[in-house]
Amino acid sequence: QVQLVESGGGLVQAGGSLRLSCAASGRTRTFSSYALGWFRQAPGKEREFVAAISANDDYTPYADSVKGRFTISRDNAKSTVYLQMNSLKSEDTAIYFCAAASHPFTTAQHYSYWGQGTQVTVSS
């Protein structure tokens, strides 16, 4: 069992930056074997894929809407995955969730472990 806790959300003006973190606890010795993903859910909308990173850090798919603005990375020594978000737009406003899976899937149903989410609000 892996527990995931997100942090780093907040209120930022359009064009600004935030870095989200997701720290794992529990069976962290196996953290390096998991692929990690970030998803987001805006009010009244379905949860959508943002980015993912493979276990060995060699594959990082992104949603088209964030490509070139967001960067996912991981630090296995700290059992933490990050999402650096630059050039934020009002449409990036959502609750952001991190999740763990066996592969860097782009669909939520393939992820077994989820955090509680962190709110990101971008003001225009």
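The values are calculated or read from the model by the stated rules, or taken from the named source; none is laboratory data. Just so we're clear, the structure is a prediction, and the values are computed from it rather than from any experiment. No Cβ is skipped: glycine too gets one built from the backbone with ideal geometry, and neighbour counts run over all protein chains shown. In case anyone asks, the SASA skips ligands and DNA or RNA and just uses the protein heavy atoms, side chains included. Shrake-Rupley method; radii C 1.70, N 1.55, O 1.52, S 1.80 Å.
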Within region 94-124, can you find the residues that are among the polar types (S, T, N, Q), touching a residue at least 12 places away in the same chain (Cβ under 8 Å) and closer than 23 Å to residue 56 by Cα? 102, 106, 107, 112
What is the residue count in region 1-23 for residues that are modelled with pLDDT under 95 and either open to solvent by less than 60 Å² (accessible area, probe 1.4 Å) or aromatic (Phe, Trp, Tyr) (or both)? 1
Quick check on region 57-73. Is at least one of its residues under 15 Å from residue 36 (Cβ atoms), of a type in the set (Gly, Ala, Ser) and in contact with a helix residue (DSSP H, G or I) (Cβ under 9 Å, 6 or more places away or on another chain)? no
Residue list for region 66-94, restricted to those being under 14 Å from residue 51 (Cα atoms) and of a type in the set (A, V, I, L, M, F, W, C): 66, 70, 72, 81, 83, 85
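Yes or no, residue by residue, for (1) open to solvent by less than 70 Å² (accessible area, probe 1.4 Å); (2) of a type in the set (Phe, Trp, Tyr):
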{"site": "54", "(1), (2)": "yes, no"}
{"site": "62", "(1), (2)": "yes, yes"}
{"site": "86", "(1), (2)": "yes, no"}
{"site": "89", "(1), (2)": "no, no"}
{"site": "98", "(1), (2)": "yes, no"}
{"site": "108", "(1), (2)": "yes, no"}
Taking region 61-85 on its own, how many of its residues are out of contact with any strand residue (DSSP E or B) (no Cβ under 6 Å at 6 or more places or on another chain) and closer than 20 Å to residue 24 by Cβ? 4
Which of the numbered conditions does residue 31 fail, given that it passes all the others? Conditions: (1) open to solvent by 50 Å² or more (accessible area, probe 1.4 Å); (2) at pLDDT below 95; (3) closer than 12 Å to residue 100 by Cα. (1)
Sort out for me the strands (runs of 3 or more DSSP E) sitting completely within region 22-124 that have 1 or more residues that are farther than 20 Å from residue 3 by Cβ and touching a Ser or Thr at 6+ places or on another chain (Cβ under 7 Å). 48-53, 80-85, 118-123
